[in-house]
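Shown next, in structure tokens, is the structure this report addresses.
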2 protein chains.
Amino acid sequence: MNKRPTISDVAQAAGVSLMSVSRAMNNRPGLSEETRKKILSIADQLGYRPSGVARALATKRSSTVGLMMPDVTNPFFSQIAKGAEDLAYAMGYNIFLVNTDEDIKREIKALHSLFEKQVDGVILCSPRLPFDQLKKHIEHFQFTALINRELNSPRSDCVTININDAYGSALAIKHFSNQGHKKIAFLTGPEESISRERRLKGFIQALETHSIPYDENLVLPCSPDTTGGYHAATALLSGRDDITAILSFNDLVAFGAIQACDELGKDIPNQVAVIGFDDIPLASIMKPKLSTLRTNKRELGHRAMQAFRAYTNGEENIIRQQTLEPTLILRESTLG
Amino acid sequence: MNKRPTISDVAQAAGVSLMSVSRAMNNRPGLSEETRKKILSIADQLGYRPSGVARALATKRSSTVGLMMPDVTNPFFSQIAKGAEDLAYAMGYNIFLVNTDEDIKREIKALHSLFEKQVDGVILCSPRLPFDQLKKHIEHFQFTALINRELNSPRSDCVTININDAYGSALAIKHFSNQGHKKIAFLTGPEESISRERRLKGFIQALETHSIPYDENLVLPCSPDTTGGYHAATALLSGRDDITAILSFNDLVAFGAIQACDELGKDIPNQVAVIGFDDIPLASIMKPKLSTLRTNKRELGHRAMQAFRAYTNGEENIIRQQTLEPTLILRESTLG
DNA sequence: ATAATCTACGTTAGCGCTAACTTATTATGC
DNA sequence: GCATAATAAGTTAGCGCTAACGTAGATTAT
């Protein structure tokens, strides 16, 4: 690795001042076409690329965005990452990816590290941080997009983008009810999850709407993966035949539940109907094909970056609270 | 957002010089415990966090690594990302994630942007770039880990980490052969893929080893997802019953192939046996549970960061060419 | 013809930090 | 008790870039 050429190397080679090179590289006015071309050609020859670090220090803009999420490995989040990165790429921004593993301590460290890196904005997916702390951190960043989390006090530099979780639950219960289900279980995902809370609220309310009595024994928390769904469903369904429908925190949990049903000899959908959440790519490949509440995950990431772009462009009418509506996709894991 | 406090703000508030603050923040010698504590407490009070940008400019180290991959959405790559990010986190590094969408132009732009951001090293997953260009880019970086790609000319600042693809194919063919299969198809994945090439080579050689004639009509490229597998398998299997085994480029392709078999009324594994590649989390959830060549994806990312750490620590004996061996996991999609 | 404006540059200072050197003070050796 | 060394600081310069301002010469206005 040779020494990296700097702007002065280019300036010297071209026989011009630093500023002329800077202007040429940034495509700014104040140069004749001739000089500009000469500088750019020499820069190219030398393999010169401006130092983003020096530029960031001088301009106080790093062209960098932080993306914090529990786990990229989870299809839900990797899709968000993709949606965000796609637009970031188009904007000439780079993305810092940080996983938190649902660990609050790690979340705090992640926020600190992003702050030190002087990102121009952050996208925080499902932050678990208590409200007060979260708020304090947000204040440090120039711009924040909160995915899957509300903010009670509106800020001009913070946008929230949420799935309408309660509505999703309602859609599922409505369908279950229409199909005549009375004993509907809910595998809720992790107890600290915000989505869980909202979905549970929607679940309970929808039951009421459809005059189905709420039985708290049918509501079980679980880890948000196949194992969690498997264990929870096994615990729930063993030795009883009255539960005929399961709403699951996400598709992975649903898969786990289906596996449990399988082992317990319960036919899906005839003995137990299952609805998932997310519609990950494999939902339509599984057997039975999974009925699920589809959410546009790419769109979540995309919207976050769009809001960031709007904010940095100084646009006025940024929608501070955005909600994406899930849609119920009926496949083979439900009746009808 | 208030103005971010700088090192001078802390120095002034503490009544010490800049260097004392710097030393305190970096935990360097040359300070009494008393002063150190005072400085740290004042820094904390002010909410001071050193500017990574300024530090990077001064030290020429950004504590940042670039991670380039075709698509985070693909479970194979997201696991690599996780493995890398985990160790990066432990090292106090941040990761720039860049997707290339298998697009060479985008790959080049990604490398440029990472170079501008002055990453301390890059991890390149399955780069599609022609060899000469790739080499030229690598020379610009202080350290490069190549995942899923070889480098003919060894460099002290470049490590390659590969799956033993040919061996994987061989394991699959051996098993198929032991089960009496004679007509074995291979859905190879994208034609430009390096893995495809290596697996195909292993496939052909293994056939020879087991005295099975090679029939190029049984080898079909496909996009590396369920759709690709579905279409390829449909094209391959329609109107013929002689093909009894399919090796698939990855698990998604295998799922697609299984779906195709399903629709063609072919029983798995009795009429057609299927082996995938990767062992993504859902492979053991699918019905039938997928037999597959497991590769430790987390380990790939982890090793890349380990090599980076070793390199930056100035360690001598870094293994420049690492190979991970796949293992054949037999489940329900194969006989036996 | 002279002032006013514009074009195409150049100069200077500073972004926030640290490496490398310098200085004052205290501890140690003989 | 005095030289020597160690400790705990401080000072200076510079990392590579750009914002802001400066300037010479050409162009336009009056």
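No value in this document is a laboratory result; all are computed from the given coordinates. Just so it is clear, the model here is predicted, and its values are computed rather than measured. Cβ sites come from the backbone with ideal geometry, for glycine too, and all protein chains shown count toward neighbours.
Assorted remarks:
- Bridging of residue A:109 to aspartates and glutamates at a Cα separation below 14 Å is possible for A:101, B:85, B:86, once same-chain residues fewer than 8 apart are set aside.
- A Gaussian network model of chain A, with springs between Cα atoms under 10 Å, assigns the largest mean-square fluctuation among A:285, A:275, A:258 to A:285.
- Counting from the shortest, the label point at residue B:135, 7 Å from Cα toward Cβ, is 6.0 nm from the same position in each remaining copy.
- If the chain linking residue B:289 and residue B:19 were pulled fully straight, counting 0.36 nm for each residue of separation and taking away their Cα-Cα distance, it would gain 91.0 nm.
- For chain A, the dipole from Cβ point charges (+1 on Lys and Arg, -1 on Asp and Glu) about the Cα centre works out to 1320 debye, to the nearest 20.
- Looking at the protein assembly as shown, the pairs of alpha carbons with a distance over 38 Å make up 43% of the total.
- Cα-based helix-to-principal-axis angle, B:131-140 vs chain B, degrees rounded to 10: 20 degrees
- Label point 7 Å beyond Cα along the C-beta direction, distances from residue B:205 to other copies (nm, shortest first): 6.3
- Theoretical ellipticity at 222 nm over chain B - DSSP helices of four or more residues, -39500 (n - 2.57) apiece, nearest 500: -14000 deg cm²/dmol
- C-alpha long axis of helix B:226-237 to longest principal axis of chain B, angle in °: 20 degrees
- Long-range tail of P(r) for chain A (Cα pairs > 38 Å, %): 32 percent
- Whole-percent pair-distance distribution, where bins are 5 Å wide, for the alpha carbons of region B:7-50: 5, 29, 41, 21, 3
- Net dipole in debye of region B:165-295 [+1 Lys, Arg Cβ; -1 Asp, Glu Cβ; about Cα centre; nearest 20]: 340 debye
- Within the listed set A:262, A:225, A:71, the Gaussian network model of chain A (springs between alpha-carbon atoms below 10 Å) gives the highest mean-square fluctuation for A:262.
- Residue of A:95, A:104, A:80 that the Gaussian network model of chain A assigns the largest fluctuation, springs spanning Cα pairs under 10 Å: A:104
- About the Cα centre, charge dipole magnitude for the protein assembly as shown (Lys/Arg +1, Asp/Glu -1 at Cβ), debye: 2220 debye
- Region A:127-255 - convex hull of the alpha-carbon atoms, volume per residue in Å³: 114 Å³
- Rounded to two decimals, the Cα radius of gyration of region A:1-104 over 2.2 N^0.38 Å is 1.46.
- Computed from Cα positions, the angle between helix B:297-312 and the longest principal axis of chain B comes to roughly 40 degrees.
- Nearest-0.05 FRET efficiency for residue A:240 and residue A:112, computed from C-beta distance (R0 45 Å): 0.40
- Of A:183/B:289; A:297/B:266; A:135/B:117; B:183/B:297; B:82/B:201; A:60/A:135, pairs whose Cα-Cα distance is over 26 Å: A:183/B:289; A:297/B:266; A:135/B:117; B:183/B:297; B:82/B:201
- Of all stretches in chain A that contain no GluC sites (Glu not before Pro) in a DSSP loop with at most 10 other Cβ atoms within 10 Å, the longest one is A:1-190.
- 17 Å reach of a label modelled at residue A:41, 7 Å along Cα-to-Cβ, counting backbone N of region A:4-27: A:10-16, A:21, A:24-25
- Using a 7 Å projection from Cα along Cα-to-Cβ, the label point at residue B:109 is separated from the same position in the remaining copies by 3.4 nm, smallest value first.
- Straightening the chain between residue A:33 and residue A:262 buys 75.2 nm, computed as 0.36 nm per residue apart minus the Cα-Cα spacing.
- Dipole of the protein assembly as shown [Lys/Arg +1, Asp/Glu -1 at C-beta], most positive-end residue of A:142, A:248, A:68: A:142
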